[in-house]
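Report on one structure; see the data block that follows.
The values are calculated or read from the model by the stated rules, or taken from the named source; none is laboratory data. Just so it is clear, the structure is predicted and the values come from calculations on it, not from any experiment. Cβ sites come from the backbone with ideal geometry, for glycine too, and all protein chains shown count toward neighbours. Heavy atoms of the whole protein, side chains included, go into the accessibility calculation; ligands, DNA and RNA do not. Shrake-Rupley method; radii C 1.70, N 1.55, O 1.52, S 1.80 Å.
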Amino acid sequence: MARDKPAWSEHDVNQIVAHSPAMKQVMANTARLAPATSPVLLRGEPGSGKEGIARAIHAQSAHAAGPFIKWSCDYAASEQTLLALLQQHRDATCASHQRHGTLFLSEIGHFTLPMQKCLLHLVQEEQYRSLDGSSLLPCSLRIVCATEKNLEQRVAAESFLPELYYRLHVATIILPSLQERREDIPQLVANFFTRFNRSNNLSLSISNAALAPLATCQWPANVRDLENCLEYAVLNRQKDEIDRLPCQADQCLRQQLNFKVSHYSRQANPPAASLPQVFLPISTTSNGYDRHDEIRHRFISALEKSGWVKAKAARLLNITPRQLYYALEKLQIEVKKF
């Protein structure tokens with residue numbers, strides 16, 4: 001549970017980088033949904049900026065004068081901790097006459113079924129049960145939820161309530177991956193250097209030659225991954241202008257770390273003797289060319305090199321296992337064992 005960062009000012013909201021068509025659409029949806037009181041669901045890959053959009057919704061809403069409360073959900077969270085958070089906010093509101101505010105639930109995909117029922121009652125009835133269970137109390141907070149989980153898969157597995165799934169999707173904003181908004185990379189880089197220089201009292205910069213390769217990287221952790229790359233570059237710089245990134249000298253931090261992890265993973269989990277087969281559906285354009293062939297080949301090649309162990313394949317591709325599962329589903333690659 002955290003109450004980190006004050007509500008964003010309008011100036012801060014305007015600092016969200018949205019030059020790409022994909023992000024312009026996100027910001028248009030944000031401006032359209034923010035004034036309403038309906039709960040909002042943010043969906044996107046890890047590091048795609050869901051908290052930033054949640055804060056933008058708060059700043060442009062009628063709840064902007066109140067607190068922005070972020071609750072980082074995990075598998076250890078319980079219904080009682082959520083109720084305690086709501087009670088804590090209610091007590092503070094009564095004591096200081098605060099305006100309502102926004103409750104940002106950072107990963108509802110981790111919610112247990114009892115917690116989902118609590119959240120469903122919260123978004124439908126705008127009420128929650130007191131900690132002692134004796135009464136129902138009104139909730140004055142605007143609810144914004146976020147997830148990187150496949151909720152459809154969880155509904156099908158009966159681990160996510162269909163009623164909550166449908167209710168939250170009334171107002172949904174889907175955030176693009178960094179690969180889908182490459183036009184934003186130069187400004188994201190500029191923003192990083194501005195923040196880093198201000199925090200460290202430096203005057204660092206990056207050349208166009210060093211900036212160019214950033215547009216071709218995969219960025220498995222999206223904006224967060226880009227910032228990690230840049231921070232690694234500035235901490236290992238030879239001069240104040242970075243004219244060559246570590247990856248251009250075969251010193252990519254992520255690849256180095258993945259290699260170390262893969263080394264120990266091979267020792268702990270040797271490849272299975274019997275390998276699965278991969279079946280690909282036929283999907284071609286009107287001229288007979290499958291525009292996903294190269295991507296499919298890359299994923300299948302990684303699976304083959306890793307002995308068909310998905311976790312290892314994800315490391316070879318510099319992506320998370322969750323992103324690998326998403327890609328296999330999106331590319332309609334079915335992996336079956338015989």
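What is the residue count in the stretch 25-51 for residues that are closer than 17 Å to Ile108 by Cα and of a type outside the set (Ser, Thr, Tyr)? Write out each step before concluding.
Of the residues in the stretch 25-51, the ones closer than 17 Å to Ile108 by Cα are 38-51.
Retained after the next criterion (residues that are of a type outside the set (Ser, Thr, Tyr)): 39-47, 49-51.
So the count comes out to 12.
All conditions in (1) under 22 Å from Glu227 (Cα atoms); (2) modelled with pLDDT of 70 or more; (3) open to solvent by 40 Å² or more (accessible area, probe 1.4 Å) hold for Ala31, with the sole exception of (1).
Can Glu107 be described as under 30 Å from Glu152 (Cβ atoms), modelled with pLDDT of 80 or more, over 26 Å from the mean Cα position of the chain (by Cα) and not polar (S, T, N, Q)? Outline the logic, then answer.
Numbers: under 30 Å from Glu152 (Cβ atoms): yes; modelled with pLDDT of 80 or more: yes; over 26 Å from the mean Cα position of the chain (by Cα): no; not polar (S, T, N, Q): yes.
The answer is no for Glu107.
Take the residues in the stretch 100-117 that are part of a helix (DSSP H, G or I) and in contact with a strand residue (DSSP E or B) (Cβ under 7 Å, 6 or more places away or on another chain), then tell me which one is surrounded by the most Cβ atoms within 10 Å (Cβ to Cβ). Going through the qualifying residues, I end up with Ile108.
Among the conditions (1) farther than 26 Å from Tyr325 by Cβ; (2) in a loop (DSSP other than H, G, I, E, B); (3) under 22 Å from the mean Cα position of the chain (by Cα), the only one that Val189 does not satisfy is (2).
Here's the yes/no breakdown for (1) open to solvent by 30 Å² or more (accessible area, probe 1.4 Å); (2) within 19 Å of Pro321 (Cβ to Cβ); (3) in contact with a His (Cβ under 8 Å, 6 or more places away or on another chain):
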site: Thr216; (1), (2), (3): yes, no, no
site: Trp219; (1), (2), (3): no, yes, no
site: Asn222; (1), (2), (3): no, yes, no
site: Leu226; (1), (2), (3): no, no, no
site: Val234; (1), (2), (3): no, no, no
site: Asp240; (1), (2), (3): yes, no, no
site: Leu245; (1), (2), (3): no, no, no
site: Lys260; (1), (2), (3): yes, yes, no
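Residues that are within 22 Å of the chain's Cα centre (by Cα) and among the hydroxyl-bearing types (Ser, Thr, Tyr) do not occur anywhere in the stretch 123-138. Within the stretch 198-225, residues that are in a strand (DSSP E or B) have Cβ atoms under 6 Å from residues that are open to solvent by 80 Å² or more (accessible area, probe 1.4 Å) in these pairs: Ser205/Glu241, counting only partners at least 6 apart in sequence or on another chain.
Taken over the stretch 173-214, residues that are hydroxyl-bearing (Ser, Thr, Tyr) and open to solvent by less than 60 Å² (accessible area, probe 1.4 Å) amount to 3. Screening the stretch 34-49 for residues that are buried (at least 17 other Cβ atoms within 10 Å of the Cβ) and among the aliphatic types (A, V, I, L, M) and picking the one that is farthest from the chain's Cα centre (by Cα) gives Ala34. Would the stretch 236-255 turn up any residue that is modelled with pLDDT under 85, of a type in the set (D, E, K, R) and within 22 Å of Leu317 (Cβ to Cβ)? For the stretch 236-255, residues modelled with pLDDT under 85, of a type in the set (D, E, K, R) and within 22 Å of Leu317 (Cβ to Cβ): present. For the criterion of being in contact with a Leu (Cβ under 9 Å, 6 or more places away or on another chain), assigned to a loop (DSSP other than H, G, I, E, B) and at pLDDT below 90, Leu131 passes. Taking first residues from the stretch 43-67 that are without any contact (Cβ under 8 Å) to a residue 12 or more places away in the chain and partners that are open to solvent by less than 10 Å² (accessible area, probe 1.4 Å) and polar (S, T, N, Q), no Cβ contact under 9 Å between residues at least 6 apart in sequence or on separate chains turns up. Does the stretch 165-181 include one or more residues that are farther than 24 Å from Leu324 by Cβ and touching a Ser or Thr at 6+ places or on another chain (Cβ under 6 Å)? Checking the stretch 165-181: at least one residue is farther than 24 Å from Leu324 by Cβ and touching a Ser or Thr at 6+ places or on another chain (Cβ under 6 Å). The set of residues from the stretch 131-180 being farther than 29 Å from Ala221 by Cβ and in contact with a His (Cβ under 8 Å, 6 or more places away or on another chain) comprises Ser140, Leu141. Criterion first (at pLDDT 85 or above, among the basic types (Lys, Arg) and within 30 Å of Thr37 (Cβ to Cβ)) does Arg198 satisfy it? No; evaluated as a whole, the condition is false for this residue. When restricted to residues that are touching a residue at least 24 places away in the same chain (Cβ under 8 Å), β-branched (Val, Ile, Thr) and surrounded by 14 or more Cβ atoms within 10 Å (Cβ to Cβ), the stretch 123-172 contains 4.
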